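What follows is a single structure, written as structure tokens, with notes after it.
The values are calculated or read from the model by the stated rules, or taken from the named source; none is laboratory data. What you see is a predicted model; the values in this text were computed from it and never measured. Glycine gets a Cβ as well: all are built from the backbone with ideal geometry, and neighbour counts include every protein chain shown.
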Amino acid sequence: MLDIDKIRKDFPILEKKIRGKPLCYLDNGASAQKPQVVIEAVKNGYEDEYANVHRGLHFLSNLATEKFEAVRGKIQSFLGAKSENEIIFTSGSTEGINLVAYAWAQYNLKKNDEILLSIAEHHSNIVPWHFLREKIGVNLKWVEPQEDGSISADDVINSISDNTKLIAITQMSNVLGSIVDVKKICTSAQKKQITTLVDGSQSVVHMPVNVSEICCDFFVFTGHKLYGPSASGALYINQTRFDEMQPFIGGGSMINYVGKESITYNRIPHKFEAGTPAIIPIIGLGAAIDFIKSLGHKNITEHESKLVNYAKESLYDLDFLDFQGKAINKGGIFSFTMKENKLHAHDIATIVDQKGVAVRAGHHCAQPLLDHLGLNATCRASLALYNNEEDIDQLVDALKFAFTLID
């Protein structure tokens, strides 16, 4: 069992007061706060250990390279990949998905091939496929969520056609909080020789992930939602896909030989890591993964499950709110609007901020989903391992205050 009071002390910002109120940070779906060990790793990296990696022969370069490359093994273990070479460092999920689009899909898909998506995808798992639609004429096929906001694996599988060549699906919706059975989707797709990409941006911070068991071809996550620094993340590539891919960005590090008439590429994974990488952010990501592993994903899941249930009981009792997504299998993301649109989502977020509560308002980079719901914006409260029941109570009180202003 986690000692949440002790854990909260690992996050210095949680001691902050906002307009005289304790900070109630419920914007974790956008970006999570950082524990002291991550802050120290970044500080030390820039203050005492900074140098460029890989080709230097001096002490600091060797030290930076050792720490930087060690993170690859940490991510391999964290994701259950078979080899460190299957881990590509990225700036986050957006770069990872674009890398797949340009390095794999552009060379393996053709006109009228189908990419199957859920309508609940984040823009980062939509826009790169629109680029391919415009460029080579692939078709995008959409699966809608069910009435309770769940995204059915069976609905995805039943939507597969003879033209389906790629399924790109979230493991957890950033708006609805719905958790998707990606293992069922990917194993079914594998039998039909259909390539799969799983967006783990929201899921990997809340639940154990094993890409080998999921049987996906590609898996992305972003570091800043995982208590790590911005500009950090990773892409898992099943090694069976390596021969089907070409480099995404050209420059230093990703080459073996460059001549006037020819070029040869570096080995995997460096073939897909051009230029000077985000050295210190990646080292900070390694510290974040160490922090999570020290707590234990099982313990985190148990704590967050209890907190989600408490939030459901507390929030669903507010009869002046409508909630988008009440799936049984749901993570700690709660999107809501005020009934009869008495207050716009932006106004709600502004008012609860006066009570020290940080939530997000807008379309959450999921406009196809909000169009489907007939909305232009929602408020979203998203939980993290350092949140507690007092945070939920503070949110509820702030929402009641907002309602009194227009009641």
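Odds and ends about this structure:
- Test for residue 200: is it touching a helix residue (DSSP H, G or I) at 6+ places or on another chain (Cβ under 9 Å), on the phi > 0 side of the Ramachandran plot and either among the basic types (Lys, Arg) or in contact (Cβ under 8 Å) with a residue 24 or more places away in the chain (or both): no
- Within segment 175-193, considering residues that are part of a loop (DSSP other than H, G, I, E, B) and touching a residue at least 60 places away in the same chain (Cβ under 8 Å), the one surrounded by the most Cβ atoms within 10 Å (Cβ to Cβ): 176
- Here 292, 348 are screened, and the one residue that is within 30 Å of residue 38 (Cα to Cα), surrounded by 15 or more Cβ atoms within 10 Å (Cβ to Cβ) and either modelled with pLDDT of 95 or more or not assigned by TED's automatic domain parsing to the domain that holds residue 125 (or both) is 292.
- Considering only residues in segment 60-82 that are surrounded by 15 or more Cβ atoms within 10 Å (Cβ to Cβ) and polar (S, T, N, Q), the one that is farthest from residue 238 (Cα to Cα) turns out to be 61.
- Residue satisfying condition, being among the aliphatic types (A, V, I, L, M), surrounded by 15 or more Cβ atoms within 10 Å (Cβ to Cβ) and over 16 Å from residue 368 (Cβ atoms), within set 57, 99, 117: 99
- Restricting attention to segment 351-406, the residues that are touching a Lys or Arg at 6+ places or on another chain (Cβ under 9 Å), without any contact (Cβ under 8 Å) to a residue 24 or more places away in the chain and on the phi < 0 side of the Ramachandran plot add up to 1.
- Checking every residue in segment 27-37 against the condition of being over 27 Å from residue 364 (Cα atoms) and part of a loop (DSSP other than H, G, I, E, B) gives zero matches.
- Any hit, segment 39-57, residues being polar (S, T, N, Q), closer than 30 Å to residue 242 by Cα and in the same structural domain as residue 273 (by TED's automatic domain parsing): yes
- Scanning segment 142-168 for residues that are over 21 Å from the mean Cα position of the chain (by Cα), surrounded by 15 or more Cβ atoms within 10 Å (Cβ to Cβ) and under 24 Å from residue 324 (Cβ atoms) returns 155, 159.
- Residue in segment 131-146 that is within 18 Å of residue 97 (Cβ to Cβ), assigned to a loop (DSSP other than H, G, I, E, B) and out of contact with any Gly (no Cβ under 8 Å at 6 or more places or on another chain) present: yes
- Against the numbered list (1) surrounded by fewer than 19 Cβ atoms within 10 Å (Cβ to Cβ); (2) of a type in the set (Val, Ile, Thr); (3) closer than 30 Å to residue 385 by Cα, residue 283 comes up short only at (1).
- When residues in segment 302-338 are screened for being part of a helix (DSSP H, G or I), of a type in the set (Ser, Thr, Tyr) and more than 22 Å from the chain's Cα centre (by Cα), 2 of them pass.
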